[in-house]
Each structure stands twice: as C-alpha cells, then as structure tokens.
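The next block holds one structure in the form of structure tokens; read it before the comments.
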Amino acid sequence: MADAAADLHAAASERERTRARVEDVGEDRLWDCREAYRELRDLLDRYEDTATGSGNFQAFTEFQGAVAGLTEELDEDLPERETFQAIDESLQKRRLTESDFEAARRKLDPVRDVVARLDEWEQAREAYAEARKDARRRLGRLDDRIVELERLQRLGEADLDAPVERLREPLEDYDETVRAAFREFRHDASARELLAVIERADAYPLVDFRSPPEELLAYVRDHDAGTEPLPTLLEYADYSASKLDHYVDDTTALKRAVATRQTYLRNLDADPVTVGWPPPPADHLPWLVREYRSVVVGFADDDVVEKLREVRALADREDYGRLRESALARSDLTDDERDRLASGAVERELASAREERAAIEDALDEYDPL
C-alpha cells in the first residue's frame, strides 16, 4: 500500500529542490533563455536544407541574418549568452554544411540543460499537485475505514446477552400487522385508491415507495376499470383482447397502462413502511414513525396506528441504545469479524488507520496547496 504522507513529503521536497535550481538562475532569465533556445533550434531546423551548400544564397543570408539578430538582442545577463554568441560566430561562414548545423546543435546542449530546469520544476509541481490529490483521496478512504472499524469495535463491546426482545417484539408486531393490513387493502381496495396512497407517499422521503407511473395513474383515475381491485386488473392484463373486450371499455388503454407494468404492480407490498431489524438509531426512529403514520393511515385501521405509536415510544427508553447495539452485534458481526475483535486485530487496524490519517493531515497542513 502506498504511503500517501511519504509520497507527499517526497513530492514537496522535489518541488522545493527544482524551484531552488530555478531561483539560482532566475525564473525570468530562464524563460527568456528558453525562448531564445527554442527560436535558435527552430532556425536550425528550418534552414538546414536550404542554407547549406551553394544552391540558395537568399536562404543562406536570411539564416545568418536571423541568427545574428537573435544573438544581438539577447540581454547581457542571459544565461549561456556566450554559448549563443559562439554558435553565431561558428555559423557566420562563407559556406555552411550539414555538419555545421549538427555542431551548432551540440553546442546548444548546455543551454538545453539550463532551460530544462523550468521543465523539471513544472513536472515537480504537477507531481506535487497529484500527490496532494492522492493524499486527499487516501484520507477519504481512511475516514471510511476508521468509521467502519470504530463500528466494529463498538459492536464488539456490546452486551450480547442484553434482552433485545424488548425492542424486537413490538417492532416485529408492528411490521407483521402493517404487512397484513396492506395485503388486505391491496386485495380489497380499488386500484385507484391503492395507487393514490402510493402516490401520496412521494411527499415523505423516508417512505421508499416507488412512484406509480403517470400513465398508470391516469388510467385508473379516468377509466371505470380503475374501481376494480388490483388483483382483478392484473387478471384482466392477462386476458386476450377479445375476452378483455367484455370487461373494459378500452382494451388498448388497459394493455398499454397495466399489462406493461405488471412487475411493478405485483411487487407492491408494505416493505417501505416497515421498520425492520436491527432497529434504526433512536434519533432516527421518531422521524421514521412520523412519516410512516402519514402513509399508514391511508390504508390501515387504528390498531396498526397504535402499534406504530408503541414503536415510537421505544426511542424514549433509556436502554434503547444499549439494546440496539446488542441487536446490531448479533445481526451484523460475521464470524471473521468476531475473530478479529477477539484477537485484537481490529484495535490494531484502527490504531494504524488513525496514525496514517494523522500523518497525512500533518503533511497536507505542512505544505501549501500550490
């Protein structure tokens, strides 16, 4: 596994080293030198074929004039100015050959090495920026890992003998009752009423009913078949067009709105308004119950609503948190996690993750983000 803090330290050190090399010469002077270097290289490349030999006198004079003009305009304190002058002098001959151009390029090597400091610095800055990104990504993964390890450690400290049935029994009683109430409503109520309840649930984010398709809603609202119970509509959807014609006024509309949504309709159940096991945190349960009640009253009787009130009252128990931790430990901990907890592996992993996170945070704080 890569050490993000060490990588960031190394990248920062390289950035400082390359910046110091640039500052030794002067950043502005190096930029001017690189511009002159590239211009001279370009002249050598463009005129090598035309300024050599004796075939093109105009190109020959243009090239020598361009090189001389470039050299004359160089600042007095430009790095490697003497090298440019030496190259200029070597090219001011009555006749130039390809070997003269090759020699000029070789003489430019010291200039290339000097201006390379800018490239090294730029690369070091890019590497440093990437190292910071990697460190932050690693920090995010560590945060997630620490949360998970802390959860395991907390569950490992739970009392596995705690009387969790004090929570389980009222929760299971409510869940079973609301499931039965929804099955009865689904069987007896009109599809119009049923889907209206599901549609109203959209106003409650904690109730995870899947919204009815608009075409389906429009059909049950606008057609007489919408007054039939859902099982009847699903039965109609399997009829042939000729048989269906005896039961509904618009066979095409039913086929289009209902037959194509059979999977959605058959899967409608009370799961979105059940609490489940293990139970949610105490501070979440009242909000859950509040939204559930707003939906449940649309299809269930007072007995179900009363059981939901009993569920709400659980959150006020002083021992709710302890019982919930025990329930989570019994339900969530795998055999491997239990072994790791018993051996102290989780504690060691947590300490290591926290240490690595602290090292990365220190490294990020130590160096500027640029």
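The values are calculated or read from the model by the stated rules, or taken from the named source; none is laboratory data. Keep in mind that this is a model prediction, so the values were computed, not measured. For neighbour counting, all protein chains shown are included, and Cβ atoms are generated from backbone atoms with ideal geometry for every residue, glycine included.
Out of all the residues in segment 293-311, which are crowded, with 17+ Cβ neighbours inside 10 Å and over 30 Å from Pro229 (Cα atoms)?
Once the filter is applied, which keeps residues that are crowded, with 17+ Cβ neighbours inside 10 Å and over 30 Å from Pro229 (Cα atoms), segment 293-311 yields only Val311.
Identify the single condition in (1) without any contact (Cβ under 8 Å) to a residue 40 or more places away in the chain; (2) under 26 Å from Pro205 (Cα atoms); (3) not hydrophobic (A, V, I, L, M, F, W, C) that Thr252 does not satisfy, given that it satisfies every other one.
Of everything listed in (1) without any contact (Cβ under 8 Å) to a residue 40 or more places away in the chain; (2) under 26 Å from Pro205 (Cα atoms); (3) not hydrophobic (A, V, I, L, M, F, W, C), Thr252 misses just condition (2).
Provide a single number: the residues in segment 220-243 that are modelled with pLDDT of 90 or more, farther than 22 Å from Glu184 by Cα and in a helix (DSSP H, G or I).
So the answer is 2.
Quick grid of which residues meet (1) out of contact with any Leu (no Cβ under 6 Å at 6 or more places or on another chain); (2) over 30 Å from Leu350 (Cα atoms); (3) not in a helix (DSSP H, G or I):
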| position | (1), (2), (3) |
| --- | --- |
| Ala124 | yes, yes, no |
| Ala129 | yes, no, no |
| Arg137 | yes, no, no |
| Ile146 | yes, no, no |
| Leu160 | yes, no, yes |
| Glu176 | yes, yes, no |
| Arg192 | yes, yes, no |
| Phe209 | yes, yes, yes |
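Which ones in segment 325-336 are outside any loop (DSSP other than H, G, I, E, B) and either under 31 Å from the mean Cα position of the chain (by Cα) or loosely packed, with under 13 Cβ neighbours inside 10 Å (or both)? Full working, then the answer.
Step one: filter segment 325-336 for residues outside any loop (DSSP other than H, G, I, E, B), giving 325-332, 335-336.
Matches in segment 325-336: Glu325, Leu328, Ala329, Ser331, Asp332, Asp335, Asp336.
Residue by residue, here is whether (1) more than 12 Å from Phe299 (Cβ to Cβ); (2) crowded, with 19+ Cβ neighbours inside 10 Å; (3) assigned by TED's automatic domain parsing to the domain that holds His284 holds:
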residue	(1), (2), (3)
Glu184	no, no, yes
Leu194	no, yes, yes
Arg200	no, no, yes
Ala203	yes, no, yes
Asp208	yes, no, yes
Val220	yes, yes, yes
Asp224	yes, no, yes
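Given the residues Asp202, Asp144, Asp173, Asp188, which is the only one that is touching a Ser or Thr at 6+ places or on another chain (Cβ under 9 Å) and farther than 30 Å from Asp24 by Cα?
Working: Asp144 fails: touching a Ser or Thr at 6+ places or on another chain (Cβ under 9 Å); Asp173 fails: touching a Ser or Thr at 6+ places or on another chain (Cβ under 9 Å); Asp188 fails: touching a Ser or Thr at 6+ places or on another chain (Cβ under 9 Å).
Going through Asp202, Asp144, Asp173, Asp188 in turn, just one is touching a Ser or Thr at 6+ places or on another chain (Cβ under 9 Å) and farther than 30 Å from Asp24 by Cα: Asp202.
Where residues in segment 258-307 are assigned to a helix (DSSP H, G or I) and among the polar types (S, T, N, Q), which of them is modelled with the lowest pLDDT? Steps first, please.
Start the filter on segment 258-307 by keeping residues that are assigned to a helix (DSSP H, G or I), which leaves 259-266, 271-273, 285-296, 302-307.
Those still in the list that are among the polar types (S, T, N, Q) too: 260, 262-263, 294.
Details: Thr260: 87, Gln262: 92, Thr263: 92, Ser294: 96.
Filtering segment 258-307 for residues that are assigned to a helix (DSSP H, G or I) and among the polar types (S, T, N, Q), the one modelled with the lowest pLDDT comes out as Thr260.
Does Arg317 count as of a type in the set (D, E, K, R) and either touching a helix residue (DSSP H, G or I) at 6+ places or on another chain (Cβ under 6 Å) or not in a loop (DSSP other than H, G, I, E, B) (or both)? Walk me through it before giving the result.
Numbers: of a type in the set (D, E, K, R): yes; either touching a helix residue (DSSP H, G or I) at 6+ places or on another chain (Cβ under 6 Å) or not in a loop (DSSP other than H, G, I, E, B) (or both): no.
Considered against the rule, which asks whether it is of a type in the set (D, E, K, R) and either touching a helix residue (DSSP H, G or I) at 6+ places or on another chain (Cβ under 6 Å) or not in a loop (DSSP other than H, G, I, E, B) (or both), Arg317 comes out as no.
Among the residues of segment 1-35, which ones are surrounded by 13 or more Cβ atoms within 10 Å (Cβ to Cβ) and over 15 Å from Arg117 (Cβ atoms)?
Asp3, Ala4, Ala5, Ala6, Asp7, Leu8, His9, Ala10, Ala11, Ala12, Ser13
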